[in-house]
1. Test each condition in (1) modelled with pLDDT under 95; (2) buried (at least 21 other Cβ atoms within 10 Å of the Cβ); (3) not hydroxyl-bearing (S, T, Y) for B:I121 and report the one that comes out false.
2. For the list (1) at pLDDT 90 or above; (2) in contact with a helix residue (DSSP H, G or I) (Cβ under 6 Å, 6 or more places away or on another chain); (3) over 20 Å from A:A131 (Cβ atoms); (4) assigned to a loop (DSSP other than H, G, I, E, B), I need the number of the one condition that A:V148 fails.
3. Kindly establish whether B:L175 is in a loop (DSSP other than H, G, I, E, B), modelled with pLDDT of 95 or more and more than 25 Å from B:L264 (Cα to Cα).
4. Could you figure out which of (1) modelled with pLDDT of 95 or more; (2) within 22 Å of the chain's Cα centre (by Cα) isn't true of B:D189?
5. If you go through the range A:55-94, how many residues are part of a loop (DSSP other than H, G, I, E, B) and at pLDDT below 95?
6. Could you tell me whether B:D123 is touching a helix residue (DSSP H, G or I) at 6+ places or on another chain (Cβ under 6 Å) and among the charged types (D, E, K, R)?
7. Looking at the range B:210-230, can you tell me whether even one residue there is at pLDDT 95 or above, of a type in the set (D, E) and buried (at least 16 other Cβ atoms within 10 Å of the Cβ)?
8. Has the range B:63-84 got at least one residue that is at pLDDT below 95 and at negative phi?
Amino acid sequence: MGKLLAVLFCFHASVATAQVDETPSSWSLKARELFTGDEAKISAAKAWFQNHPEVLSELSENLPHLKDPHLALDAMVALGHREVMPYLMEHLEKNTDGSYALALAAFMDEESAPRVLGRFKQVLERSPHGASPPLALVLIDTLARLNVPLSASTMDLLFTHPWPEVRSSLLQYVRKNKSSGHFLETLLQDKDPHVRLGALHAAKELSWVNVAAPQRVCSTEQHPLVLTFCQQHFPAEPEA
Amino acid sequence: MSKKVLGLATLIGCVLAASFFYWQQKNQVSFHLDPACRARYKKLYAEEELKVTVVFGYKDARPQRFVGDRYERAALVLRALTACTAPQGGFCGFARDPEDGHVFLKTIPTPWGPKSVRLQIMDSSVGPDDQDNRQNPFQEWKSQRTKQVFLEALTDSHVVLYNGHSRAGGGPDFLPPLINSLGRVLYADYRQAQRGFMSMLQVLGREHLRARSQVLGLFSCKSSQLFEEQLRKSRPDLALIGSESLIYFKDALENTAATLDSLLRLKCQESFEEALKQRDPLKGSQLVNFFD
């Protein structure tokens with residue numbers, strides 16, 4: 001009996017999914033036109049979605065089962081279908097490429113911002129190395145852009161993240177906040193040359209940074225790309 | 001009784017042998033390449049190391065402020081670093097070069113022995129907000145650096161893939177776009193000046209004889225109709241991958257990954273074209289001059 005129920009459930013689920021993908025088979029065509037069409041096509045596509053209000057609701061209910069979830073999500077963002085937000089909030093960590101976080105950031109308004117940002121912070125603070133790196137990148141970018149601080153222990157762990165892209169994104173905190181100068185010192189000593197380059201650019205740009213730190217780092221630099229930048233902007237002091 | 005035991009033991013032995021045989025078959029990489037396909041890949045893998053460069057252009061969404069190339073690159077890097085599940089490998093199982101975070105390395109089996117693959121993946125923006133990026137001096141530096149890597153790769157890499165905007169015929173672009181006061185991109189300027197495309201053509205024409213490049217993919221809107229004809233004149237021997245129509249970013253990203261996977265798995269024409277969804281003008285990319 002249980003097996004029968006399971007089979008029936010699976011059958012129902014697959015039919016439901018197929019309906020979303022196939023019934024208004026034009027949904028994906030119309031959604032693509034929202035992003036790749038000329039103005040007339042974009043208007044026509046918007047009108048089509050307005051005339052079929054059930055489509056976005058069905059897509060949002062079946063998001064994880066769709067063949068093209070990114071397209072559906074982008075269409076929801078473009079058309080302001082905010083009903084999908086609770087689902088995105090709940091399943092934020094499971095989405096490894098960060099598209100749920102990007103959609104949430106796009107939907108965010110004054111009213112929802114505290115909840116969305118709180119959730120972003122929670123994901124990073126619960127396990128700084130646990131979130132998928134593309135997701136972590138979106139979370140850090142969003143929090144740093146709005147100058148939402150992370151706890152010191154989270155920051156410390158993020159500075160040791162295995163992905164240089166994630167470590168590099170922390171530079172945005174440095175650019176936003178004078179009190180984060182010690183973060184810059186850490187990034188100047190990063191093992192990846194591209195992270196060091198970003199940090200050196202910030203050190204050159206931000207007038208409040210003490211030049212002693214970049215000069216110290218430059219004095220031992222080996223990577224040709226970083227070394228060139230050092231020689232141009234942080235040349236060694238001539239010995240007395 | 002002893003006959004039963006013997007029978008059972010034989011049965012178990014047979015099952016074990018069959019399992020071992022199946023396991024061995026499953027994990028053995030075999031290449032069934034037709035002669036033309038084999039010859040094509042022999043040329044691509046002629047050197048000990050295959051150099052592949054993937055460059056994301058500056059992917060703004062003007063008139064909105066969002067810029068997405070860092071996120072698209074991160075999604076591609078995640079795939080590169082994910083462990084392979086099939087013995088044929090493909091676009092998976094790379095290790096990041098500890099000396100350079102933009103470089104990913106792996107060794108793949110080929111009919112001519114194992115070959116090293118050096119995959120460089122670059123992006124162009126320094127952050128997700130175009131307005132912020134324009135005020136950040138690092139943006140200019142990074143854009144110029146990525147452009148330089150792309151142009152050098154046209155000579156020095158066997159495979160060069162650009163994923164970004166076509167700028168209405170302007171060509172590959174790594175900088176924040178030229179915009180008017182309403183934040184709209186000045187497409188007429190791009191179309192007329194064709195700065196990105198001309199830089200490419202110059203390098204391709206100048207370095208023709210000593211160029212290593214064999215495959216050039218332009219995963220950008222209408223790249224086939226905008227660029228293919230002149231590229232083929234400039235480098236008749238170059239295989240091209242382009243898009244017939246305006247392409248949605250996720251389709252372009254999927255096709256970029258499919259190209260890498262196909263080349264690393266030595267896919268022949270039919271399966272390569274299938275991976276690129278070649279018959280679908282809306283989502284697909286078109287491969288020309290590779291097998292023919």
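The values are calculated or read from the model by the stated rules, or taken from the named source; none is laboratory data. Not measured: the values here are computed from a predicted model. Every residue, glycine among them, receives a Cβ derived from its backbone with ideal geometry; neighbour counts consider all protein chains shown.
1. Every listed condition holds for B:I121 apart from (1).
2. So A:V148 meets the others, but not (3).
3. yes
4. The number of the failed condition is (2).
5. 4
6. Yes.
7. Yes, some residue in the range B:210-230 is at pLDDT 95 or above, of a type in the set (D, E) and buried (at least 16 other Cβ atoms within 10 Å of the Cβ).
8. Yes, the conditions are met somewhere in the range B:63-84.
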